[in-house]
Amino acid sequence: MERRTVIIDCDPGIDDSLALMLALASPELDVAGITTVSGNVPSDQGGKNALKILEFMGRMDIPVYQGAKVPLKREYISAQDTHGEDGLGEAGIKEAEGGKVLPDGVEFILDTLRREKQVWIIAIGPLTNIALALEKDRDAFKTLEMFISMGGSDKSHGNCSPVAEYNYWCDPDGAAFVYENLGRPIHMVGLDVTRKIVLTPNILEYMKVLDKETGKRVGAFVEAITRYYFDFHWAQERVIGCVINDPLAVAYSLKPGLCGGFAAYTAVETEGISKGQSVVDRMNIWGKTPNSYILDQVDEAGFFALFLSRLYGCEEEKIRPVLRQIMVSES
Ligand code: RIB
Ligand code: CA
């Protein structure tokens, strides 16, 4: 199997943690390193949380680097109201034994791009680190083969304002700079598709059945860190369950066929009431060369089949019939 070198830039964060778990359970991805950016939680706390996930997954071999502490220009506003003060749903997950968070996440990104060929970057937090790296050495990005960003939205309403999604709202200048300067298509895994990826109580119950069958503790761990997130979703959106945005970005890197979309020129607003909005020119009114591939279709059942089969190391065929039963009953 062809393994690809991947950097995961994240702000763990509950759904970031699920994304890391999926990536670490997928042999196609050679995770060169994890960089954290201030978003859901400050980047130092994100680093500690990344180590906790690595320890849970038995992958303390993967380095974690702390990146930017604040957005490029804006005042930093975390999402600890959604992810808990500690960023892992205040589930009391203990600090990882051993391992340490290294400094200079931005430098790590540049070093990896300079050293490796055909690097993939999966960015599932604000784009501050990517913007800083791009500003520092744009040429280094010539070896970048694929850039996937969980962020933005086209037709779906925002989650931080009527039009803005958190990652691009938290650092609109960073996002705008990356969209203007990356020089290769940004695969935007936005709210239009991630809102359809809802971890429900029934899916969690199935994960706990799989725990018993496999002797793993994945379902118990996921339940522990998502409890806070479930409560937030009920309080904010009267949803039973929680939208897990970030793992879809990783699933898309593994199976692009899970999603559909279209090429378009996209810009990110940095000022005023629509700050952080991803403005998608789907009708090419501006006549500019597309800089993004906007996802607007997703196979939800296909996502969960992949997610669970990787986390439990079993065939998707085993998972699909039960998922069908669950998702049909929920539709
Ligand atoms: O808007 C959702 C995104 O913002 C997710 O990546 C979540 O983890 C937060 O970073
Ligand atoms: Ca995130």
key: Criterion (over 19 Å from Gly87 (Cβ atoms), surrounded by 19 or more Cβ atoms within 10 Å (Cβ to Cβ) and either within 14 Å of ligand 1 (Cβ to nearest atom) or modelled with pLDDT of 95 or more (or both)) met by exactly one of Val64, Val31, Val37   = Val31
query = For the subset of the range 309-331 comprising residues that are among the polar types (S, T, N, Q) and without any contact (Cβ under 8 Å) to a residue 40 or more places away in the chain, which member is surrounded by the fewest Cβ atoms within 10 Å (Cβ to Cβ)?
reply = Ser331
Given (1) in a loop (DSSP other than H, G, I, E, B); (2) among the small types (Gly, Ala, Ser); (3) surrounded by 24 or more Cβ atoms within 10 Å (Cβ to Cβ); (4) away from ligand 2 (no atom under 12 Å from the Cβ), number of the condition Ala175 does not satisfy = (1)
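Quick check on Tyr265: is it within 16 Å of ligand 2 (Cβ to nearest atom) and either at pLDDT 95 or above or assigned to a loop (DSSP other than H, G, I, E, B) (or both)?
no
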request  = Residue by residue through the range 223-252, note down the ones that are within 16 Å of ligand 2 (Cβ to nearest atom) and either closer than 24 Å to Asp30 by Cα or of a type in the set (Lys, Arg) (or both).
outcome  = Ile244, Asn245, Asp246, Pro247, Leu248, Ala249, Val250, Ala251, Tyr252
ask   = So how many residues does the range 1-41 have that are part of a loop (DSSP other than H, G, I, E, B), touching a strand residue (DSSP E or B) at 6+ places or on another chain (Cβ under 9 Å) and more than 11 Å from ligand 2 (Cβ to nearest atom)?
value = 2
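The values are calculated or read from the model by the stated rules, or taken from the named source; none is laboratory data. Predicted model only: the values in this text are computed from it and were never measured. Here Cβ is always computed from backbone atoms with ideal geometry, including for glycine, and neighbour counts include all displayed protein chains.
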